[in-house]
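Heads up, the thing below is written out as structure tokens.
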């Protein structure tokens, strides 16, 4: 099908421009005059609503409750945990005036809400009977970024932040991993995105965390994207905020805490993991429109009626839109391809005669003719197959773009010629991380849970290796 | 049932304290150290999620789409519409620094988002084919309030704000009324809250609006609460922001706009319209727990199992919680009464023997014995009846507390001895509004659509009357 209107830059020509074109032409987001902030347009926001529903259901199934904390953090509160304030203070927005009055204490707009949750926990937790506290919050946060790109890095972004408090270290670490697994599950089963999961290095971990766990996805250009993180805090925040409880033996103890978050950034991953040169390609679970019905020669008798009837029937199994506007079918084809709609249903006079419809798949371009009777069953089957196929394609891309470097020469050669994950052993020394970043613009993405041993020495300094690390260029 | 733990102040003794006690003891909200901001706790937030779902479904059914705009408004953008900035500038929070850097232009945290929507509309609307634009946004907004009370008035609050643009004045006014009717519908059918609806006076209308329509509910103490508003803007904002489109005759026209909002304030109405001296009373549609199952003598054989079985069965028709903790039944009864759970199901050894359960209604205290076989049907019926009964009781309170004043003496007598709506004729002069406010602390709440004529002269100045107005003390 000829592209009639919506032509975008090919990803092979200019990946960055391709990305920006999709954001704009699939009506996902628009720039605003507020520096670094974007507008989530209806189609982009609808995708976020679906992602949100997938996450929220799983949070509730694992016993979490939603709350809402203030968006402001007084300066003195932000400063209570030393590592945390050092990490965030340089990039927060400060409110200094309310109306015409200068505030006695300035307030930052939350960059993340650990400090607010801690203060609340200190006030509501007294006994072991009050534990665990499993809270989550849906909100926007602000981080004053110098360079921004829609979804990937914006001054304000939407996310969820889970914050939990537990009686023991064991329960808290279990929770940290449980929520990382929720993210892996959503990525795999709702977003068709395979990820590498594991631990962040000391250098890359969250400000104030003991351990940070991460899921990393790989874009079609071989860049990594941190797609969700889960942090174990130990009792560091508890000590800073004096969050104690009386245990079963009537002894005062500090709680152990976690936090975990996923943001609208994941929409950037959706674009760059599945998209192609015709635009967005959406996995069915988060596609606002799963099937678009396009009548062909709709002025012919019975076509418009039949199209409406089929669209109506399909509503029981899918999110359906009928486009009965007077635009040309070719224009409509391009538009819904740009928007990544998983299935297009074409229905014209000949189809009606033969009691069939044509279903076109967005993921692989296949067109099949289906008897009208079998429509619901076939659409259900196709949607499942599309999810699976997208996952497998992404998995293939990830596997193909994962390289192994045994020494610095190999590392240098890969980094110079290819983008992707580079698996290499590491001694554990931050100096080597910094060196690999300075030389090759690659950062440590994660230390996978079951890291194979692919050598005995650090890829950088040749001292004894401690860990396998996935390295890569990243957004 | 004796109150074992949760005693609160009686509303007849101190209505304000009664309200605060419920907010606190039903775990709806908690104070934070951030001045004027509250924490929405899990139970309070769950109520908001249900209200949100009721509204959102109706917004989508009427063709609206959700978007997300930045939370910051540059000073110059806020200033574009003169009346609007005059209304809001005195009460906004100003961001002046990002990290350590002073901003070249200060940003306010949105008190409402007309200006952002207008700027976006100016950029995306070109032709009559782009109209109408029917957008809504769920977010929090900030207004720097001097005195605050949970839900009723807080510096930051959650709400939705609809913003629409239309080709004609007629379509825009239709939209304004349509969305007011959506609010009336949600209040009546989801919240069991009757409202008086109509127009605001010039003095009370929204900053920048041509007309503001309102729904006003009446609390048990006779105070009015503005519960939702819908504004018709004409083309005032369109001219200030240059939002034009080419019409079907290829002529450039300004759009006509509306906006409408409902906030977490409505939770304050829920408390004060339905609550009693045992705590919150929730209408079933927005009750996070609709049925609480309390096993009696649960150590006895078969009780815990039967309670779990019944709770499980009920999940098909209601949001159910089983409380199998080791607290005493009486303590549990008080706790769920405090939380306003519509139905309590009691199940003990004798019930099991007789194959019955006891259902206790929160709204009127009735207890009925029901055969286990009929459980789902009876619960469904009761939930409906509770909604209806709550609405009727609230309607009765509203009717009883609505008074009529034909002259200033009558008005003065009512205002001095009673709280409630005072229906009285008005000349249309703001001086009379100010006078009634200064003398009696009553403000004009609304001019109902079909205002009867109860006299020929203004209740205040005796000049010829223009309109019937509902006056009252208000939150």
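The values are calculated or read from the model by the stated rules, or taken from the named source; none is laboratory data. Remember, predicted model here, so these are calculated numbers, not experimental data. Here Cβ is always computed from backbone atoms with ideal geometry, including for glycine, and neighbour counts include all displayed protein chains.
In the stretch B:1-118, counting only helices (runs of 4 or more DSSP H) that sit wholly within it, the ones holding 3 or more residues that are in contact with a strand residue (DSSP E or B) (Cβ under 9 Å, 6 or more places away or on another chain) and closer than 18 Å to residue A:138 by Cβ span B:42-61.
Here B:93, B:89, B:100 are screened, and the one residue that is over 28 Å from residue B:290 (Cβ atoms), within 11 Å of another protein chain (Cβ to nearest Cβ) and surrounded by fewer than 17 Cβ atoms within 10 Å (Cβ to Cβ) is B:100.
Residue check: is residue A:135 facing chain B (nearest Cβ under 10 Å), under 22 Å from the mean Cα position of the chain (by Cα), surrounded by 21 or more Cβ atoms within 10 Å (Cβ to Cβ) and within 21 Å of residue B:29 (Cβ to Cβ)? Judged against the criteria, residue A:135 is a match. How many residues does the stretch A:68-86 contain that are at the interface with another protein chain (Cβ under 7 Å from one of its Cβ atoms) and out of contact with any helix residue (DSSP H, G or I) (no Cβ under 7 Å at 6 or more places or on another chain)? Here the count works out to 3.
Could you please give the count of residues in the stretch A:378-419 that are touching a strand residue (DSSP E or B) at 6+ places or on another chain (Cβ under 9 Å) and under 30 Å from residue A:309 (Cα atoms)? Qualifying residue count for the region: 7. In the set (1) touching a residue at least 60 places away in the same chain (Cβ under 8 Å); (2) within 26 Å of residue A:219 (Cβ to Cβ), the condition left unmet by residue A:376 is number (2). For the structure I just gave you, tell me whether residue A:167 is touching a helix residue (DSSP H, G or I) at 6+ places or on another chain (Cβ under 6 Å), away from every other protein chain (no Cβ under 14 Å) and at pLDDT below 95. No, not satisfied. Examine the stretch B:309-320 for a residue that is in contact (Cβ under 8 Å) with a residue 24 or more places away in the chain, part of a strand (DSSP E or B) and under 35 Å from the mean Cα position of the chain (by Cα), and state whether such a residue exists. Among the residues of the stretch B:309-320, at least one is in contact (Cβ under 8 Å) with a residue 24 or more places away in the chain, part of a strand (DSSP E or B) and under 35 Å from the mean Cα position of the chain (by Cα), which makes the answer yes. Restricting attention to the stretch B:134-193, report how many residues are touching a residue at least 24 places away in the same chain (Cβ under 8 Å), under 14 Å from residue B:55 (Cβ atoms) and in a helix (DSSP H, G or I). Counting residues in the stretch B:134-193 that are touching a residue at least 24 places away in the same chain (Cβ under 8 Å), under 14 Å from residue B:55 (Cβ atoms) and in a helix (DSSP H, G or I) gives 11. Residues of the stretch A:11-37 that are within 14 Å of another protein chain (Cβ to nearest Cβ) and at negative phi: A:24, A:25, A:28, A:29, A:30, A:31, A:32, A:33, A:34, A:35, A:37.
Of the residues making up the stretch B:220-240, those that are closer than 16 Å to residue B:112 by Cα and out of contact with any helix residue (DSSP H, G or I) (no Cβ under 6 Å at 6 or more places or on another chain) number 3.
Look at the stretch A:269-296: where a residue is in a loop (DSSP other than H, G, I, E, B) and a partner is modelled with pLDDT under 95, sitting 6+ places away or on another chain with Cβ atoms under 6 Å, you get A:296/A:329.
Among the candidates A:354, A:452, A:381, A:410, the residue that is at pLDDT 95 or above and within 29 Å of the chain's Cα centre (by Cα) is uniquely A:381.
Residues in the stretch B:305-350 that are within 24 Å of residue B:272 (Cα to Cα) and in contact with a helix residue (DSSP H, G or I) (Cβ under 8 Å, 6 or more places away or on another chain): B:338, B:339, B:340, B:342, B:343, B:344. In summary, residue B:117 fulfils each of the numbered conditions (1) facing another protein chain (nearest Cβ under 9 Å); (2) in contact (Cβ under 8 Å) with a residue 24 or more places away in the chain with the single exception of condition (1).
Total residues in the stretch B:38-67 satisfying the condition of being under 21 Å from residue A:27 (Cα atoms), buried (at least 22 other Cβ atoms within 10 Å of the Cβ) and within 7 Å of chain A (Cβ to nearest Cβ): the figure is 1.
If you check B:252, B:280 for being under 29 Å from residue B:403 (Cβ atoms), more than 15 Å from the chain's Cα centre (by Cα) and at pLDDT 95 or above, only one passes: B:280. Number of residues in the stretch A:119-130 that are assigned to a loop (DSSP other than H, G, I, E, B) and buried (at least 21 other Cβ atoms within 10 Å of the Cβ): the value is 1.
For every residue, the table says whether it meets (1) touching a strand residue (DSSP E or B) at 6+ places or on another chain (Cβ under 7 Å); (2) under 27 Å from residue A:328 (Cα atoms).
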{"site": "A:266", "(1), (2)": "yes, no"}
{"site": "A:277", "(1), (2)": "no, yes"}
{"site": "A:280", "(1), (2)": "no, yes"}
{"site": "A:285", "(1), (2)": "no, no"}
{"site": "A:297", "(1), (2)": "no, yes"}
{"site": "A:303", "(1), (2)": "yes, yes"}
{"site": "A:306", "(1), (2)": "yes, yes"}
